[in-house]
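The structure appears below as C-alpha cells.
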Ligand SMILES: [Zn+2]
C-alpha cells in the first residue's frame, strides 16, 4: 500500500512553502538528496550548501545545482532531512496539514484517512539513509 502513496507524497512536497537553506541551517537540519535516475540518496550538510549556493536558495531548487555521485545525473531532488516526525512535532503538524490540502485538491475532498500512513512513509524515507 505504500506505493500508492508515492504520488501523494510528491504533491505534499510541491505544496510545501519554500524553505530556504538559511532556514534549515538555523535549525541545524541537513538536506536530503535523491537521484531520480538511479535512486542514490544522501544527506548533505546544509551549512556547506548555504556557503556555496547562498542561504536564500530554496531547498527544492538546490537539486538543480547538484549532481548524483552515483550515476552523474543532475536529475536530483532535494528536501529538508527532518530528523524525526515524532520528535519534531511542530514539523509533523505542518506536513500533515499540507497533505490534507493535497488530497482535497486531487480528489475534491473524497479521500480520507491517509494522513497517518503518508506521514509514516515520509518518516521512513527520511531515515533510510544510504542504501
Ligand atoms: Zn544517480
Among (1) within 16 Å of the ligand (Cβ to nearest atom); (2) in contact (Cβ under 8 Å) with a residue 12 or more places away in the chain - the single one residue 67 does not satisfy: (2)
I'd like to check which helices (runs of 4 or more DSSP H) are fully inside region 1-105 and have at least 1 residues that are modelled with pLDDT of 95 or more. 21-27, 46-53, 59-62
Does region 41-64 hold any residues that are within 15 Å of the ligand (Cβ to nearest atom) and free of Cβ contacts under 8 Å to residues at least 40 places away in the same chain, and which are they? 44, 63, 64
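The values are calculated or read from the model by the stated rules, or taken from the named source; none is laboratory data. All figures in this text were calculated on a predicted structure; none of them were measured in a lab. Positions of Cβ are generated from backbone atoms using ideal geometry, with glycine treated the same way; all protein chains shown enter the neighbour counts.
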